[in-house]
Amino acid sequence: MSSEAEYKKALNILFKAGGFHYQFSDTLHNILKYTIKDENLDIIMAFENNISQTMDQLKESSGLSEGDILKKVDALAKTGVIFNQPNRHGVMVYRILPLHRQFEYIFMKNLEKTEENYKIAQLFHKLNEELSDIIQSDYDSLSSDLEQMTPLDRTVPILENLETGEEINIIVEEELQVPTEQILPTQKVRELIEKYDDIAVGYCYCRQHQEFLGNPCKQIELTPTCMTLGKSARHTSNHGFSKLVSKEEALKILKKCEDAGLVHKAYHLYGDVDKEEVAICNCCSCCCLNARSCLIYPVVNATNYLSSINEDLCIGCGTCVDICYNKAIELNDNNKAERIEEFCVGCGVCAYHCPENAISMIEGLRIVRILPQKKE
């Protein structure tokens with residue numbers, strides 16, 4: 001049986017791939033014993049000095065045979081520990097993933113309701129509680145650091161109205177215009193789908209995790225809704241986390257998500273919104289760990305839009321209030337919808353669902369920074 005010290009060393013290697021640096025705990029130890037297992041610790045140790053290696057490099061750093069390496073990295077890829085895909089020269093590369101990928105990949109696949117899967121769901125829930133305690137204990141420091149944090153995800157807006165099918169009115173304010181030398185990433189989700197030949201769809205890991213905890217999503221039934229793109233699509237489909245779909249199938253899924261009030265979020269290579277997209281999540285307000293009501297850790301979002309409500313057209317029906325992802329809309333004393341700018345991620349869901357077409361979108365680059373609620 002492997003020692004706690006070996007798992008601590010393995011965790012430190014995972015930290016080199018990025019992500020939040022969790023404190024080692026019994027909870028984390030038990031998760032790693034599930035995702036890595038004692039018999040695969042040796043291959044993790046081989047990544048200590050280089051978290052991305054070819055087969056030849058791994059044979060030298062691990063001292064293992066190619067057959068043993070292939071068996072171990074395949075097992076670790078299936079629990080979100082290792083990413084194995086060829087580089088642009090066709091050479092297979094094995095790369096350690098940040099710790100949070102284990103949660104994402106495990107709950108992306110179609111999980112049976114087994115005792116083991118309920119146990120791992122509870123372990124990740126407990127880990128989130130431990131993280132929340134850490135965040136709360138250092139809340140003031142995080143608050144001061146928030147302005148320095150870079151965007152974790154990017155909103156891809158809906159720019160049409162459900163009732164009319166017409167494009168939403170776009171307002172361009174002079175001070176928010178994009179500099180001419182700056183190239184904006186794709187702003188329409190359908191155009192984003194067209195960019196990629198390989199698209200795979202899997203379950204939303206946040207929603208499936210909450211399903212195992214007895215908290216099913218209030219907006220949409222648990223079906224495959226979240227997408228990986230390009231190389232990530234090939235990786236997730238190869239290891240059973242997702243299945244490849246056509247562009248037509250992907251667009252149908254996206255339309256279903258829009259009708260349910262979900263928000264399109266693009267995730268980019270290495271968490272850098274200036275690099276290519278690797279995934280599209282379709283996020284709800286009740287399960288998504290980046291939604292304001294579910295926040296554990298501070299979230300920073302890049303967006304190019306801000307909703308704008310025309311009070312003359314608003315009838316105070318409350319549709320936008322109910323469906324807003326970040327609870328950024330309220331009815332004011334005049335029974336008119338009023339948007340709270342600091343929480344609006346410019347997703348366009350309110351404008352899409354407004355029966356009176358009373359909501360426009362103001363165009364311009366914005367960074368939305370939100371802290372979890374401070375506990376008393």
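Among residues belonging to region 182-225 that are farther than 27 Å from residue 324 by Cα and charged (D, E, K, R), point out the one that is surrounded by the most Cβ atoms within 10 Å (Cβ to Cβ). Top of the filtered list is 198. All of (1) closer than 24 Å to residue 108 by Cβ; (2) part of a loop (DSSP other than H, G, I, E, B); (3) within 18 Å of the chain's Cα centre (by Cα) hold for residue 240 with one exception: (3). For region 207-237, a residue qualifies if it is in a loop (DSSP other than H, G, I, E, B), without any contact (Cβ under 8 Å) to a residue 40 or more places away in the chain and small (Gly, Ala, Ser), and exactly one does: 214. Close contacts from region 321-348, counting a first residue that is under 16 Å from residue 300 (Cβ atoms) and a second that is among the hydroxyl-bearing types (Ser, Thr, Tyr) and assigned to a loop (DSSP other than H, G, I, E, B), with Cβ to Cβ under 6 Å and a gap of 6+ residues or different chains, come to 325/285; 347/325. Screening residue 322 on (1) more than 22 Å from residue 228 (Cβ to Cβ); (2) at pLDDT below 95 shows it passes everything except condition (2).
Considering (1) at pLDDT below 95; (2) outside any loop (DSSP other than H, G, I, E, B), say which one residue 373 fails and leave the rest. With (1) at pLDDT below 95; (2) outside any loop (DSSP other than H, G, I, E, B) applied to residue 373, the lone miss is (2). Is there any pair linking a residue in region 123-146 that is within 15 Å of residue 289 (Cα to Cα) to one that is modelled with pLDDT under 90 and among the acidic types (Asp, Glu), with Cβ under 8 Å and at least six apart or on different chains, and which? No pair meets every condition. In region 226-274, of all residues being farther than 28 Å from residue 98 by Cα and of a type in the set (Gly, Ala, Ser), the one that is surrounded by the fewest Cβ atoms within 10 Å (Cβ to Cβ) corresponds to 246. Being modelled with pLDDT of 95 or more and not in a strand (DSSP E or B) narrows it down to one of 193, 183, so name that one. Going through 193, 183 in turn, just one is modelled with pLDDT of 95 or more and not in a strand (DSSP E or B): 193.
Selection over region 19-29 of residues that are under 24 Å from the mean Cα position of the chain (by Cα) and either in contact (Cβ under 8 Å) with a residue 60 or more places away in the chain or outside the structural domain of residue 76 (by TED's automatic domain parsing) (or both) gives a count of 6.
Answer with yes or no whether residue 125 is in contact with a helix residue (DSSP H, G or I) (Cβ under 8 Å, 6 or more places away or on another chain) and not aliphatic (A, V, I, L, M). Can you show your working first?
Numbers: in contact with a helix residue (DSSP H, G or I) (Cβ under 8 Å, 6 or more places away or on another chain): yes; not aliphatic (A, V, I, L, M): yes.
It is true that residue 125 is in contact with a helix residue (DSSP H, G or I) (Cβ under 8 Å, 6 or more places away or on another chain) and not aliphatic (A, V, I, L, M).
Scan region 75-100 for residues that are of a type in the set (D, E, K, R) and either in contact with a Phe, Trp or Tyr (Cβ under 7 Å, 6 or more places away or on another chain) or touching a residue at least 24 places away in the same chain (Cβ under 8 Å) (or both) and jot them down. Of everything in region 75-100, those that are of a type in the set (D, E, K, R) and either in contact with a Phe, Trp or Tyr (Cβ under 7 Å, 6 or more places away or on another chain) or touching a residue at least 24 places away in the same chain (Cβ under 8 Å) (or both) turn out to be 78, 95.
The values are calculated or read from the model by the stated rules, or taken from the named source; none is laboratory data. All values derive from a computational prediction rather than experimental measurement. Quick reminder, even Gly has a Cβ in these numbers, built from the backbone with ideal geometry, and neighbours come from all protein chains shown.
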